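The values are calculated or read from the model by the stated rules, or taken from the named source; none is laboratory data. These numbers come from a predicted model, not from an experiment. As a convention, Cβ positions derive from the backbone with ideal geometry for all residues, glycine included, and neighbour counts pool all protein chains shown. Ligands, DNA and RNA are stripped out before the accessible areas are found, and what is left, the full protein with its side chains, is counted by its heavy atoms. Shrake-Rupley method; radii C 1.70, N 1.55, O 1.52, S 1.80 Å.
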Amino acid sequence: MTITFRERYLGVCHFERPGDLLLSGPNLIWVEALREWVKQGAPEEIMNFFFCQQYFQFDPLPRWLVEIRSGLEWWRGKVYDLGHGIRAGDWGTAPAYPGFVPKILEEDERTVVMIDGGGRKVKSFKQSEKMPMFLEYPVKDRASWKEYKKRLDPATPGRYPDDWDAYVWQINEQAKELPISLQVGGFFGYLREWMGLEPLLYMFYDDPALVEEMMDDYALSGNGGSQAGSQGHQD
Amino acid sequence: MTDPLITISEAVQNGDQEQVIKTVGVALKAGVPASALLEKALVPGIRALGEKFKNEEVFLPEVLIAIRAMNRGVEELKPHFTAEDAKKQYKEGTVVIGTVEGDLHDIGKNLVGMMLRANGFNVVDVGVDVSADSFISAAKENGADVVAMSGLLTTTITYMPTVIEGLKKAGLRDRVKIMVGGAPVTRQYADEIGVEGFAEDCASAVDEARRLMKL
């Protein structure tokens, strides 16, 4: 009997399909890693997304991503051409919306220091997709948190599709066979993205009430829209 | 009356910087030498904490606040150090530490540097994206006993052999020990590239550096 991908996905998630596993993949592999594997003998075709998927036997993982702006939707964000071949999007750290406008602060032959879409000051290689060096984060204390959390307002215009009911109807019609997906993340992880690992770890001791407040604000912001997804918009 | 050395050591382990500063101040006024407070209170405190970290009794945040508490204590002591005390502060040896070229990650490298410094090593941090030439220059200029290389990416740790080769060409390989670390680095990889030292976390790095100093 053929089952839909949604049924398979839900079955795996509910531990009802022993032996079945969903392996996601190629988009999570750094281009540099693929290049290195080619040097080490892998076929050059692994640089191609679809070949890579087949080669490593990843599952295609089709899904319907709900169009709620949680701050991670690179496919809906605005891309800025910063010159020197550098392009950066205004998405960054969920569920901040709107994101920050990226801009270059300084550069040398190999690297740029810039503000990224998450409002972080980062140093990156010009010709590489490697993870950048994080130099400064937008949240440092209570005052900067107060400013930053304005971007977590679930009612910000543009966060949700204009006609929610029509959108829900559309999903129900078009995505019957697919899992419905929403980009959300963990409480520690996003606080780290806003504040930086070491400052956050110190903050757990220096001002635990602020950490708690940040987690509460994140939860109340709709956790990237999950409340809306499960309960129906922001009502 | 509680022994101030024990109080300070425990305060370091608890990351209680206020208690460290207060008790160091009281002890100094009572005539306890700064060197004794360093060697018999602050350093044992951070070492005990390092052991707890290796045994998974405490976690990274506790290590961070303990190092911070210790550093605050050292700052209080500094004006009271004799020239001899100042030398003793970093008597374990000199470590040149950096993240290899092509890699901008610094958290792990910073933690290892902090722990080494807190445990009596003179740490020369050459930063991130460090070329072989920069490692070599820093090793020469500072008379390094150990060169410590960090890398977080499978694609950048392949640069470590370039640094090793450079140290050989510069005639330094016999004089310095090399240790490596970073998420994708293993003892097997360290063996493959021919280095003596490997550590998988900041507390083990202190043990490894001490072991290398005796080789």
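Structure values in brief
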{"quantity": "Residue match in region A:104-112 (condition: within 18 Å of the chain's Cα centre (by Cα) and assigned by TED's automatic domain parsing to the domain that holds A:Glu212)", "calculated": "no"}
{"quantity": "Region B:152-174 - residue that is among the aliphatic types (A, V, I, L, M) and assigned to a helix (DSSP H, G or I) and, of those, surrounded by the fewest Cβ atoms within 10 Å (Cβ to Cβ)", "calculated": "B:Ile164"}
{"quantity": "Selection count, region B:137-151, where residues are buried (at least 24 other Cβ atoms within 10 Å of the Cβ) and either farther than 17 Å from B:Gly197 by Cβ or within 14 Å of chain A (Cβ to nearest Cβ) (or both)", "calculated": "2"}
{"quantity": "B:Gly181 vs. criteria more than 24 Å from A:Leu34 (Cα to Cα) and at pLDDT 95 or above", "calculated": "no"}
{"quantity": "Members of region B:69-105 found to be under 24 Å from B:Glu10 (Cα atoms) and within 14 Å of another protein chain (Cβ to nearest Cβ), listed by number", "calculated": "B:Ala69, B:Asn71, B:Arg72"}
{"quantity": "Residue that is surrounded by the most Cβ atoms within 10 Å (Cβ to Cβ) [pool: residues in region B:106-136 that are at the interface with chain A (Cβ under 10 Å from one of its Cβ atoms) and not in a helix (DSSP H, G or I)]", "calculated": "B:Asp129"}
{"quantity": "Residue check for B:Val26: among the β-branched types (Val, Ile, Thr), open to solvent by 30 Å² or more (accessible area, probe 1.4 Å) and in a helix (DSSP H, G or I)", "calculated": "yes"}
{"quantity": "Matching residues, region B:70-108, being closer than 30 Å to B:Ala36 by Cα, of a type outside the set (D, E, K, R) and under 19 Å from the mean Cα position of the chain (by Cα)", "calculated": "B:Met70, B:Asn71, B:Gly73, B:Val74, B:Ala86, B:Gln89, B:Tyr90, B:Gly93, B:Thr94, B:Val95, B:Val96, B:Ile97"}
{"quantity": "Whichever residue in region B:175-188 is open to solvent by 40 Å² or more (accessible area, probe 1.4 Å) and free of Cβ contacts under 8 Å to residues at least 40 places away in the same chain and, among such residues, is nearest to the chain's Cα centre (by Cα)", "calculated": "B:Lys177"}
{"quantity": "Residue in region B:52-62 that is among the polar types (S, T, N, Q), under 19 Å from B:Glu200 (Cβ atoms) and not assigned by TED's automatic domain parsing to the domain that holds B:Leu111 present", "calculated": "yes"}
{"quantity": "Residue in region A:122-164 that is most open to solvent (accessible area, probe 1.4 Å), counting only those that are within 14 Å of chain B (Cβ to nearest Cβ) and acidic (Asp, Glu)", "calculated": "A:Glu129"}
{"quantity": "Residue selected from region A:179-199 under the condition open to solvent by less than 40 Å² (accessible area, probe 1.4 Å) and touching a residue at least 12 places away in the same chain (Cβ under 8 Å), by the criterion farthest from the other protein chains (Cβ to nearest Cβ)", "calculated": "A:Pro179"}
{"quantity": "Filtered residue count, region B:29-46, keeping only those that are open to solvent by 30 Å² or more (accessible area, probe 1.4 Å), under 25 Å from B:Gly113 (Cβ atoms) and touching a Ser or Thr at 6+ places or on another chain (Cβ under 9 Å)", "calculated": "2"}
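Table: residues versus (1) at pLDDT 85 or above; (2) surrounded by 15 or more Cβ atoms within 10 Å (Cβ to Cβ); (3) in the same structural domain as A:Ile180 (by TED's automatic domain parsing).
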site	(1), (2), (3)
A:Phe15	yes, no, no
A:Pro18	yes, no, no
A:Ser24	no, no, no
A:Trp37	yes, yes, no
A:Phe56	yes, no, no
A:Trp75	no, no, yes
